[in-house]
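Below is one structure; the comments refer to it alone.
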Amino acid sequence: MRRRPFDLRRPARRRWSSTGWVWLVVAGLGVLLLLLVLSREKQPRSVLSIQQRPYLSTLAEGLNITDEMLSPSSFTRQLIDQISLAKAFVIISKESNNLQFASELSAQIRYSQALLSTVAIRGTPITEEESEKAIREMALLLYQAQQLHYDSATMIMKLKGQIQSLEAKSKSETEKSTKYGQIAAEELPKGLYCLGIKLTIEWFKHPMLHRKLSEGKRALEKLRDNSLYHYCVFSDNILAASVVVNSTTKNSKHPDLIVFHLVTDEVNYAPMKAWFSINNFRGATVEVQKVEDFTWLNASYVPVLKQLQDSETQNFYFSGSGDGRTPIKFRNPKYLSMLNHLRFYIPEVYPALQKVVFLDDDVVVQKDLTELFRINLNGNVMGAVETCMETFHRFHKYLNYSHPLIRAHFDPDACGWAFGMNVLDLREWRKKNVTGIYHYWQERNADHTLWKLGSLPPGLLAFYGLVEALDPKWHVLGLGYTNVDPLVIKDGAVLHYNGNMKPWLKIGMEKYKGLWDKYVDYAHPLLQRCFVH
């Protein structure tokens, strides 16, 4: 049987029947129809809503809103102007106690506003027929307001009067707030008064306390030993001075090498001595003196005391009259206190000492201050923290630069600094006669034209060019009047409650009181009797 030869040709394609092609076309049309339906279902509602609101296209084509509002013949504009004027008349009529007229105006305003809303929704300009009633009735009410003298000129005058009245009230309330705040800052809390009385009784009841404070030759030697760390505090506040001493000694690595020189006044001398006799401050030496014992501080030597003998000065600071233009804080008699100005006589108060750290009584010490005594002042008299990070702490904010003497000698943009924690080289002080410079400027300011009051302005002048800037961490200010960064407080060596809100007062800032309170032993028998804590 003979085999068939191989056929290497490609086999022919099968042909689709006509029926197959028909079914394929029908299926394609069905898919397209399904896709179209799905796309319509997914279409955003916003598109549908636009299609369902054909009046918007009519509005865009037929109504130019800008032209409608700006046209002087536009009824819409007339209604809006009437509404604005009527609202002002409503306020004035209420203030004039004409409540009936104010009610009528308010009702007509609501009617006109409703008409404008209807027209806006409709999308066509308001017609003369629609607006005539609203415009006429509002015009009658506005005419009636003019008859009641509610015209524009009267409105302006009344508004000006109201503004002036509010400004006067605001100024009066501010002055009252400042005055009462100053009174609160100057008050002696009951607890401190009680403590002073109790300590005075203790001092005179127990004569042995007199000997305890100053016993021993070694104690007297320490007061003049320049190898020790000497601090001076001038205060009439027993508890505040105690916090300064307590916080300094508690944070010191060598409290037995610390000597505190306290100066107070006659009234607080006995209780101050009693307190520092009764209590021990980790072996630190504490000397208490009274300013009245410094007989060389008299009117013939001290310009401030001489000025106090002047009747005008006495009236200005003690009568409470003043000149009205001078803020009450500048008329505070404490600024003329000898305890406040004693800082300018430190070399004469302690003639045997070479270097001291001066501390105000409204500070708390958080770190060991021993390093302050090793700081090189580079031939300057004082080491202080500068406060010119803000413009209001430069010289021109403290001194009167309209005065030729000030203008000729001091740079208005010179950096200010702070009292409260200051390192003092008493040898340089004596050499440069800083006290004499202070006297010169204090005498020139007898009429208070160079500066108002206080110890800082004359300090800026007396120590001008003689201050070595210290690291700001040594002295953190503002805890008595403003908010201070918690990280700055944490790193600060000395915290200063400068300002009216002292930590021992009710008006003190609560969030900072704890930093001060932890150095007060409220469990002490005498404090338990006088303080509820």
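Here Lys431 meets the list (1) out of contact with any His (no Cβ under 8 Å at 6 or more places or on another chain); (2) without any contact (Cβ under 8 Å) to a residue 60 or more places away in the chain; (3) within 17 Å of Phe395 (Cβ to Cβ) almost entirely, failing just condition (3).
To keep it simple, each residue is scored yes or no on (1) at pLDDT 95 or above; (2) surrounded by 20 or more Cβ atoms within 10 Å (Cβ to Cβ); (3) more than 18 Å from the chain's Cα centre (by Cα).
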{"site": "Thr449", "(1), (2), (3)": "no, no, yes"}
{"site": "Leu453", "(1), (2), (3)": "no, yes, yes"}
{"site": "Glu468", "(1), (2), (3)": "yes, no, yes"}
{"site": "Val476", "(1), (2), (3)": "yes, yes, no"}
{"site": "Lys490", "(1), (2), (3)": "yes, no, yes"}
{"site": "Ile507", "(1), (2), (3)": "no, no, no"}
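The listed residues are Glu132, Glu175, Glu104, Glu137, and the only one of them that is farther than 22 Å from Gln78 by Cβ and either surrounded by 11 or more Cβ atoms within 10 Å (Cβ to Cβ) or in contact (Cβ under 8 Å) with a residue 24 or more places away in the chain (or both) turns out to be Glu175.
Here Ser252 fulfils each of the conditions (1) polar (S, T, N, Q); (2) farther than 27 Å from His206 by Cβ; (3) at pLDDT below 95; (4) in a loop (DSSP other than H, G, I, E, B) apart from (3). Scanning segment 436-447 for residues that are without any contact (Cβ under 8 Å) to a residue 40 or more places away in the chain and either part of a loop (DSSP other than H, G, I, E, B) or open to solvent by less than 50 Å² (accessible area, probe 1.4 Å) (or both) returns Gly436, Trp441, Asn445, Asp447. Scanning segment 274-311 for residues that are part of a helix (DSSP H, G or I) and open to solvent by less than 30 Å² (accessible area, probe 1.4 Å) yields Ala274, Trp275, Phe276, Ser277, Val291, Pro303, Val304, Gln307.
Of all residues in segment 217-229, none satisfies being open to solvent by 60 Å² or more (accessible area, probe 1.4 Å), among the basic types (Lys, Arg), farther than 30 Å from Pro255 by Cα and modelled with pLDDT under 85.
Just give me the residues in segment 178-216 being open to solvent by less than 70 Å² (accessible area, probe 1.4 Å), of a type in the set (A, V, I, L, M, F, W, C) and at pLDDT 80 or above, in sequence order. Scanning segment 178-216 gives Leu192, Cys194, Leu195, Leu199, Trp203. In segment 91-134, what residues are assigned to a helix (DSSP H, G or I), within 30 Å of Ile163 (Cβ to Cβ) and modelled with pLDDT under 85? Matches in segment 91-134: Ile91, Ile92, Ser93, Lys94, Glu95.
When Asp491, Asp521, Asp447, Asp485 are checked against the criterion of being acidic (Asp, Glu) and within 27 Å of Gly196 (Cα to Cα), a single residue qualifies: Asp521. Against the numbered list (1) in contact with a helix residue (DSSP H, G or I) (Cβ under 8 Å, 6 or more places away or on another chain); (2) modelled with pLDDT under 90, Asn315 comes up short only at (1). Surrounded by 15 or more Cβ atoms within 10 Å (Cβ to Cβ) and either in a helix (DSSP H, G or I) or not aromatic (Phe, Trp, Tyr) (or both): is that true of Asn378 in this structure? So Asn378 does not fit the description; no. When segment 384-396 is filtered for residues that are surrounded by 14 or more Cβ atoms within 10 Å (Cβ to Cβ), in a helix (DSSP H, G or I) and free of Cβ contacts under 8 Å to residues at least 60 places away in the same chain, the ones remaining, listed by number, are His393, His396. Take Tyr440 and tell me if it is at pLDDT 95 or above, of a type outside the set (A, V, I, L, M, F, W, C) and under 20 Å from the mean Cα position of the chain (by Cα). In short, no.
Considering segment 325-360, the residues that are under 25 Å from the mean Cα position of the chain (by Cα), at pLDDT below 95 and assigned to a loop (DSSP other than H, G, I, E, B) include one that is farthest from Tyr231 (Cα to Cα), namely Arg325. Counting the residues of segment 400-435 that are in a loop (DSSP other than H, G, I, E, B) and either over 29 Å from the mean Cα position of the chain (by Cα) or among the aliphatic types (A, V, I, L, M) (or both) gives 4. Cβ separations smaller than 9 Å between residues 6+ apart or across chains give the following pairs from segment 461-481 residues that are farther than 14 Å from Phe419 by Cβ to residues that are in a strand (DSSP E or B) and open to solvent by 40 Å² or more (accessible area, probe 1.4 Å): Ala469/Glu386; Pro472/Glu386.
The values are calculated or read from the model by the stated rules, or taken from the named source; none is laboratory data. These numbers come from a predicted model, not from an experiment. Methodologically, a virtual Cβ is constructed for each residue, glycine included, from the backbone with ideal geometry; neighbour enumeration extends over all protein chains shown. Keep in mind that these areas ignore ligands, DNA and RNA; they rest on the heavy atoms of the full protein, side chains included. Shrake-Rupley method; radii C 1.70, N 1.55, O 1.52, S 1.80 Å.
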